[in-house]
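Peer 1: One structure follows; several queries about it will come next.
The values are calculated or read from the model by the stated rules, or taken from the named source; none is laboratory data. Note that the structure is a prediction, hence the values are computed from the model and not measured. Cβ atoms come from the backbone with ideal geometry, glycine included; neighbour counts cover every protein chain shown. Surface accessibility is based on the protein's heavy atoms, side chains included, excluding ligands, DNA and RNA. Shrake-Rupley method; radii C 1.70, N 1.55, O 1.52, S 1.80 Å.
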Amino acid sequence: MNSIKNLQSESWFIDTFFSDFATIAWGQPTQLLLLGAGLFFAIIAKFKPYRYLVYAFDVLRGKYPSEGAGEVSHFKSLTATLSGTIGLGNIAGVAAAIYFGGPGAIFWMWVTAIFGIATKFFTATLSSLYREINSDGTVNAGTMYIIKNGLPKYMLPFAYMFAFFGMIAGLPAVQASEIVRITENLFFSDVENFVYIAGATMAIITAAVIVGGLKRIANVSALLVPIMSIIYFGAVFVVVVLNHEELIPAISSIFYEAFNFKSAVTGGLVMVILTGIKRGVFSNEAGVGTEALIHGTATTTHPAKQGLVAMTGPIFDTLIMCTLTALVILMSGVEPTADNKGVLLTAESFEVMLGSIGPIILFIVVLCFGLSTIFTYSFYGTACVKFLFGKKGIPVYQFIFVCAVFGFSVGGFDLAINVVDSAFAMMIFPTLISCIWLAPVAVRKAEEYFASIKK
């Protein structure tokens, strides 16, 4: 009996610690740094990256191929990073945003994404510029190498700070938890100890993929992400067509609640903005530095070219995919509760709008997106471990990662999302401080590349 009480006490302590840590870490300094950095990047670049969005999409579809050093193509680098952002950040994350911050939180997710376009251009450009190419053709890239190779030596502790929290952020917390929750809720609610069976199965699948490294992860992502995005878009399109009379009220509620001055008086508006920024960052990861870990490894003829590819990410994962999820939830009229504030809220909304086929479609999408996200996160964590401990640390981390898939499958949603939020917040500071420091270098590289395009 005492052992059970001790376990409950320890669980309560861990949940409370990460909840309080996430709240403090996502205070006003973090919010101001995120939005301020995005605005700074856009202004210092004279908004030029935004003018090359069409060109960036042309690069993605292979119109301007690149040759040279690198591990993956432009397209695969984007789909690999999107597999880490499109998925539960757009499905469970949006549902959590509406639960904690109401419909208005979606507007602030959009704001974060718009600024995130410029942020991703700078982080990916600098990651590609300051990367290290090994003798075997593999590439080391990311915030830690930007700091190591671009900043004075006394800034190196920030590189270790990023890598340390990157190991934690790379753990499959939300993905494992939500895949199990929706699977159990839809199909196996009567199966005893189902979470353990599902956790073990996912752990085996994960181990089979992540041992193949970035190229295998990128190949899997390049297959899953486009197919699942089309299926999800099609399902939401059907919802909107069949319930078009609910579309305008749903969109109106997003704008109204984003600037609800009654909420401002009661203090609620602060929570709306904070929730929107947190969930927006969880959705597109702009400013966190995770995307730079992969974009820096891409085969590219110029750093700014990869920056253009990277900046399309927030368009896909937040402005499009998050909006689709928000519309379904708001049009359905389903009220979020403490028991269905994540992926289960989205599943219930799809069931209301599409009948019994709705949750099944969502389940397929969640399963594929969730697994691909787990694979991508394993690379994030592995890259950070490699920087801290060298190649010898990779097998150890991969073992811990596979065990974490099982562990978070059994754990709860609140703990999972607080762990990720805490780690992401601590990664933002070294990423944005280094990129702001080196912004003039990125601007020169951008101007150089834009001039070459005109020629």
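Peer 1: Less than 13 Å Cβ to Cβ from Tyr377, Lys/Arg counted +1 and Asp/Glu -1: what total charge do the surrounding residues give?
Peer 2: Residues near Tyr377 contribute -2 overall.
Peer 1: Do any of Lys153/Lys305; Lys63/Lys445; Lys63/Lys148; Lys63/Lys391 go past 30 Å between their Cα atoms, and which?
Peer 2: Lys63/Lys148; Lys63/Lys391, as the Cα separations exceed 30 Å there.
Peer 1: A further question on this structure: Could you please report the charge total around Met331, scoring K, R as +1 and D, E as -1 over all other residues with beta-carbon less than 10 angstrom from its beta-carbon?
Peer 2: It works out to a net charge of -2.
Peer 1: Here's something else I'd like to know. Could you provide, to the nearest whole Å², the per residue accessible area of the stretch 363-405 with probe 1.4 Å?
Peer 2: 34 Å²
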